[in-house]
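See below for the structure under consideration.
The values are calculated or read from the model by the stated rules, or taken from the named source; none is laboratory data. Computed from a predicted model, the values in this text were never measured in an experiment. Ideal geometry is used to build each Cβ from the backbone, glycine not excepted, and the neighbour counts take in all protein chains shown.
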Amino acid sequence: MTNAWTDIKNTDLVVIMGGNAAEAHPCGFKWVTEAKANRGAKLIVVDPRYNRSASVADYYAPIRQGSDIAFLMGLINHCISNDKVQWEYVKAFTNATFVVKEGYGYQDGLFTGYDEEKRDYNRDTWDYEIGPDGYAVVDETLQNPRCVWNLLKQHVAIYTPELVERICGTPKDKFLKVAEMVGECSTPTKTMTSMYALGWTQHSKGSQNIRGMAMLQLILGNIGVRGGGMNALRGHSNIQGLTDLGLMSNLIPGYLNIPTEKEADFTTYMSTRAYKPLRPNQMSYWQNYRKFFVSFMKSMFGPAATAENDWGYQYLPKLDVASYDVLRIFDMMKNGKVNLYFCQGFNPLQAFPNKAKLAEGLAKLKLLVVMDPLQTETARFWEDHGTFNKVNPADIQTEVIQLPTTCFAEDEGSLVNSGRWLQWHWPGGSPPGEAKTDTWIMAQIHLRLKELYKKEGGAFPDPIVNLNWTYKDPGDPTAEELAREMNGSVLADVYDPVDPTKKVLEAGKQLSGFGQMRDDGTTAGGCWIFSGCFTEAGNMMARRDNSDPGDAGMFLKWSFAWPANRRILYNRASCDLEGKPWDPSRKLIEWDGAKWTGYDVPDIAPTAKPGEVGPFIMNPEGTSRLWVRKMMRDGPFPVHYEPFESPVANVIAPKVRGNPVARVFADDWKSFADIGDPAFPYAGTTYRLTEHFHYWTKNNHVNSVLQPEQFVEISEELAKEKGIALGGWVRVWSKRGELYAKAVVTKRIKPMNIDGKLVHIVGVPIHWGFVGAARKGFPANTLTPFVGDANIETPEFKAFMVNIEPSTGPVVA
Amino acid sequence: MNMELSRRTFLKTSGAGLAGTTLGAFGFSEAEAAVAAAVKPFHLVNTTEARNTCTYCSVACGIIIYSKGDLRKGETADIVHIEGDADHPTNRGTLCPKGAALRDIVKSQTRLTQPMLRKAGSDKFEAVSWDAALDKIARAMKDDRDANFIATNSDGVTVNRWLTTGFLAASATTNETAFATYKVVRSTGILAFDNQARV
């Protein structure tokens, strides 16, 4: 989230699209109710199903899954065509005025530089024109045909209400009603918030769905303001934290990058990370990258990270591909290239696409290690459960070690919520049996491995034997020790270069924030964006003062929010060029003539004069980006692409299949149904129920009583056509697998008219498996395709093709 | 009954074995005292409280865990109740159908309680000791890493990566656990490192 749950009360219009907050985030959704009750805010829901959020919405519009970009570009087209633009904001705070260099272009669904064989672009032309002064060329008058604004206008012009209806199935009048309500938020005193979740991310163009809405929010002037923003609801209790801490193939904590093998040494690595400002006076805060990187390396390798060895640069692995994400690793596993795999609190057999392929991969491992508080299907993938998991254990040679871990109630530490608040919690109970914390287990594994390397030697032991592990009890580091380490500390006294008698930083002290980090090895800090969470003043994440000055919804003394305890990102953009709030009734910060003050921590240097320094301080432009240069693989603007399995060809680019740069593994093409394949005529989608959490709560007796049994959801029209009765058994199958479930026949789903073709939708809740207290069922991933988003490889769980027939239920072996 | 006297205070007092004298002092008759004495003591009497966060979605509702026994005194603590934290700015005491049933996930019949090993081709798990399990894991890692570690690529560039082992990290562990996990995993050269963010 750019904003916070408690800030949603400040909005005038909530758009829930790509999520279902009333069902999946009920207690957060209460802030929508607050806004409706106290401000008269309206709620719009756009979704293939008339879901629980829709049932309390002021306006609902249906949309076919996988067509969101057409809808969003249609909204942008509507706003531009009808002058629903916050002009002052757009001109000053976005890159609308920036001129794009000659050579860049877009035609028939593809941008300049496409290579069909590589399924990739040469992105060299996707950049600004640079002037003789070394800065990007801008045209304040917006007359230059190559300025971003005119390119955008041209790009979205085809997305008329008529085209939106053809692609999305949203009736024109409904689309126009939504567009009209959204357009009203272009005035500086009205704001809209976007609440989205997996309904937008789980597509082969998920990142561009989100960009589409972010662009709209910028055009309306809704980023950085109270009640505005782009608000990812986020699924798991610390998924934000795990991402912030870079537990991903290609990341270092705080959104730094693991080197690629093209970056053979540290100098080369840093050479592309200078982040020189693209306009005069801009902060371009990533210019501090080196300080964050060196401090991280000191935290990782302590005294072994030295100036002489480039802070241990060669201790880090180097990538030869974009990432070894979960799809790639399971593809490698299936091809026999992985021997050992760890699942820490994770149930991939249920959570990744195409269960059959996953099971085949797990069966080729030598050893699978599962650390979990609960039984999982993954740990028992070798167990025969008849039709629910048909295997012969004797055929599976994989050894499995299952380690019992503590759960939240038995553990201490911090979690990051959707609004970036790091909240500390304390344990309330003793672990069951011999269960241990994950930290203890990781420490034990590390110490044993280190011992083996010390004793026996082996392949490059250096990073393992030199890992900084100076905890009081090395076998069991405490949460406080680790939190202090993430915050960072001073390693050696630092003196003022002007006045050497003045000590600026004192060795042994905790850093007060990332502003103190240095690139000379005198500071350490595990995760720069978390710095400030555990300072000399103590554990800031454990703060519990719930006062809220001005009733602004900021709660600055409650826990700690990254970065720098800031509650709304880009909040400088809540003020006009002179530093006065766009909407005085929704003041967040303001320029008092000498400095920025207000209810939130200013997202700008406290004395940076308004009118000089732009609000988007991380970007070299100083502005936000409507056109994103070469930073996304599938284009600087979003384009409507069909899902890989789709009932229709792409209306705007019939020759383009799916997202043209999404990665597809060789074996998987043949596992996709053809476009419009009559064998798989129905558009499937997956979703969650309020009574269940993923595959966990089927282990919970209460939740299993509330929703004991698997079902799929279909329209009355499809039920009639196929002879399916309410509550009757059905078989649903895709080209990859099948499931049996009871049918819920409902008015909540309606067939849609897509470019003259009637398309039925089949809804598949995800929560069932062969372990737990609920009745056995089939995970939704028996059906879903093995393909991910082109930028970040989130699997396409939300749009795929199936068939359905009445059935007598699963045959129990 | 005196409505000024809260249910909790009333039951707490009666449950503490002071029924006769205390209730007498409040003006209750003997019959009422007899009824009060027969009432099951309020189940949160003599519990310790811990502030925690719901383990499910990222709304991150504040919760209070009530336990018999006090971990801070080194005692064993048995969780008897979990409810919403009314002081929490986001949820203000409320919980959803999942959060309201949190105690039952802590107490689930399918909680794991000891390390287990499934041998190649076997149809069952067998109990093993922590030491045996951890030694086996470390040995397997060492052997696989030594056999498959890639120090340089075909161009002679130092790459120091290990691709035949992968690690999926949890999404409900603390930041502190995540950071410890990061350090241990990254120090080995594993690149197949991922978390729930993608799904």
For the stretch A:439-457, does any single residue satisfy the condition of being among the aliphatic types (A, V, I, L, M), outside the structural domain of A:L374 (by TED's automatic domain parsing) and touching an Asp or Glu at 6+ places or on another chain (Cβ under 9 Å)? no
Checking A:I724 against (1) in a loop (DSSP other than H, G, I, E, B); (2) away from chain B (no Cβ under 14 Å); (3) surrounded by 23 or more Cβ atoms within 10 Å (Cβ to Cβ): exactly one of these is not met. Which one? (3)
Give me the pairs: first residue in the stretch A:403-418 and within 16 Å of B:C61 (Cβ to Cβ), second residue crowded, with 24+ Cβ neighbours inside 10 Å and of a type in the set (K, R), beta-carbon distance under 7 Å, and six or more apart or on different chains, which are they? A:S418/A:R234
Which residues, taken from the stretch A:360-379, are surrounded by fewer than 20 Cβ atoms within 10 Å (Cβ to Cβ) and more than 9 Å from chain B (Cβ to nearest Cβ)? A:E360, A:A363, A:K364
Among residues of the stretch A:291-341 being out of contact with any strand residue (DSSP E or B) (no Cβ under 6 Å at 6 or more places or on another chain) and hydroxyl-bearing (S, T, Y), the residue surrounded by the most Cβ atoms within 10 Å (Cβ to Cβ) is A:Y315
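I'd like to verify a number: residues in the stretch A:727-742 that are in contact (Cβ under 8 Å) with a residue 60 or more places away in the chain and either out of contact with any Leu (no Cβ under 7 Å at 6 or more places or on another chain) or part of a strand (DSSP E or B) (or both), how many?
Step one: filter the stretch A:727-742 for residues in contact (Cβ under 8 Å) with a residue 60 or more places away in the chain, giving A:728-737, A:740.
Filter once more, keeping what is either out of contact with any Leu (no Cβ under 7 Å at 6 or more places or on another chain) or part of a strand (DSSP E or B) (or both): A:728-733, A:735, A:740.
Number satisfying all stated conditions: 8.
Out of the residues in the stretch A:544-569 meeting the condition of being at positive phi and within 13 Å of another protein chain (Cβ to nearest Cβ), tell me which one is surrounded by the fewest Cβ atoms within 10 Å (Cβ to Cβ).
First, pick out the residues of the stretch A:544-569 that are at positive phi: A:550-551, A:553, A:555, A:559, A:564-565.
Next, from what is left, pick out any that are within 13 Å of another protein chain (Cβ to nearest Cβ): A:551, A:553, A:555, A:559.
Numbers: A:D551: 9, A:G553: 24, A:F555: 24, A:S559: 31.
So, considering only residues that are at positive phi and within 13 Å of another protein chain (Cβ to nearest Cβ), the one surrounded by the fewest Cβ atoms within 10 Å (Cβ to Cβ) is A:D551.
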Among the strands (runs of 3 or more DSSP E) contained in the stretch A:1-83, which hold 2 or more residues that are among the polar types (S, T, N, Q)? none
Any residue in the stretch A:529-539 that is in a strand (DSSP E or B) and crowded, with 21+ Cβ neighbours inside 10 Å? yes
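Name the residue, out of B:A140, B:A172, B:A132, B:A197, that is facing chain A (nearest Cβ under 7 Å) and without any contact (Cβ under 8 Å) to a residue 24 or more places away in the chain.
Just a single option satisfies the conditions, and that option is B:A140.
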State whether one or more residues within the stretch A:686-698 are within 14 Å of chain B (Cβ to nearest Cβ), assigned to a helix (DSSP H, G or I) and farther than 21 Å from A:A322 by Cα. yes
For the stretch A:405-429, enumerate the residues that are among the aliphatic types (A, V, I, L, M) and within 17 Å of A:N565 (Cβ to Cβ). A:L415, A:V416, A:L422
Report, by residue number, each residue of the stretch A:359-388 that is assigned to a helix (DSSP H, G or I) and either within 23 Å of the chain's Cα centre (by Cα) or among the small types (G, A, S) (or both). A:A359, A:G361, A:G386
Of the residues that make up the stretch A:380-401, is at least one out of contact with any strand residue (DSSP E or B) (no Cβ under 6 Å at 6 or more places or on another chain), β-branched (V, I, T), facing another protein chain (nearest Cβ under 9 Å) and without any contact (Cβ under 8 Å) to a residue 60 or more places away in the chain? yes
Within the stretch A:435-452, residues being assigned to a loop (DSSP other than H, G, I, E, B) and under 29 Å from the mean Cα position of the chain (by Cα) number 1
In the stretch A:92-117, which residue that is farther than 18 Å from A:R633 by Cβ and among the hydroxyl-bearing types (S, T, Y) is nearest to the chain's Cα centre (by Cα)? A:T94
Could you tell me how many of the residues in the stretch B:93-113 are more than 16 Å from the chain's Cα centre (by Cα) and either within 30 Å of A:A552 (Cβ to Cβ) or part of a helix (DSSP H, G or I) (or both)? 4
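Restricting the search to the stretch A:369-415, which residues are among the small types (G, A, S) and either out of contact with any Leu (no Cβ under 7 Å at 6 or more places or on another chain) or at pLDDT below 95 (or both)? Walk me through it before giving the result.
Taking the stretch A:369-415 first, the residues among the small types (G, A, S) are A:379, A:386, A:394, A:409, A:413-414.
Listed by number, the residues that qualify are A:A379, A:G386, A:A394, A:A409, A:G413.
State whether the residues of the stretch B:104-116 include one that is touching a strand residue (DSSP E or B) at 6+ places or on another chain (Cβ under 7 Å), within 30 Å of A:F560 (Cβ to Cβ) and touching a residue at least 12 places away in the same chain (Cβ under 8 Å). Give the steps one after another, and end with the answer.
Here is the first cut: in the stretch B:104-116, the ones touching a strand residue (DSSP E or B) at 6+ places or on another chain (Cβ under 7 Å) are B:106, B:108, B:110-116.
Subset that is within 30 Å of A:F560 (Cβ to Cβ): B:106.
Right, trim to touching a residue at least 12 places away in the same chain (Cβ under 8 Å) and you get B:106.
Within the stretch B:104-116, one or more residues are touching a strand residue (DSSP E or B) at 6+ places or on another chain (Cβ under 7 Å), within 30 Å of A:F560 (Cβ to Cβ) and touching a residue at least 12 places away in the same chain (Cβ under 8 Å).
Among the candidates A:V46, A:V100, single out the residue that is under 30 Å from A:E612 (Cβ atoms) and modelled with pLDDT of 95 or more.
Working: A:V46 fails: under 30 Å from A:E612 (Cβ atoms).
Selected residue: A:V100, the only one of A:V46, A:V100 that is under 30 Å from A:E612 (Cβ atoms) and modelled with pLDDT of 95 or more.
Being charged (D, E, K, R), farther than 20 Å from A:I464 by Cα and more than 7 Å from chain A (Cβ to nearest Cβ) is true for just one of B:D123, B:D155, B:D104. Which residue is that?
Working: B:D123 fails: more than 7 Å from chain A (Cβ to nearest Cβ); B:D104 fails: more than 7 Å from chain A (Cβ to nearest Cβ).
On inspection, the qualifying residue turns out to be B:D155.
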